[in-house]
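The values are calculated or read from the model by the stated rules, or taken from the named source; none is laboratory data. Please read these numbers as outputs of a predicted model, since none were measured by experiment. Glycine gets a Cβ as well: all are built from the backbone with ideal geometry, and neighbour counts include every protein chain shown.
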Amino acid sequence: MTLRCECGAHDIEIVDAIYPEDDEGRAVGSAVERYECQACGRTGTYVFGDGIDRTTGCVTTGRPA
Ligand SMILES: [Zn+2]
């Protein structure tokens, strides 16, 4: 899957990420990745895992509006 910004730029940079793990290091729950668009400076997140697949802020997986 390709993530991009609502402004149309594909140049988004990951600035923070959370990958929850259990005590034995296995991935649990949903991961969160925070991105900043290098074109317009807006930020957004991509949340996935545990049945969730969601974007917020400027991050989108859809086509340009
Ligand atoms: Zn942008």
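A single entry from R54, R26, R42 fulfils the requirement of being buried (at least 16 other Cβ atoms within 10 Å of the Cβ), on the phi < 0 side of the Ramachandran plot and either of a type in the set (K, R) or touching a His at 6+ places or on another chain (Cβ under 7 Å) (or both): R42. Scanning region 40-58 for residues that are more than 16 Å from the ligand (Cβ to nearest atom) and part of a strand (DSSP E or B) turns up V47, F48, G49, I52, D53, R54. Taking residues in region 18-39 that are more than 26 Å from C5 (Cβ to Cβ) and part of a strand (DSSP E or B), and partners anywhere that are acidic (D, E) and modelled with pLDDT of 95 or more, the pairs with Cβ atoms closer than 7 Å and at least 6 places apart or on different chains are A27/E21. Pairing each residue of region 1-17 that is in contact (Cβ under 8 Å) with a residue 60 or more places away in the chain with any residue that is more than 7 Å from the ligand (Cβ to nearest atom), provided the two are 6+ apart or on different chains, yields C-beta distances under 6 Å for M1/T61.
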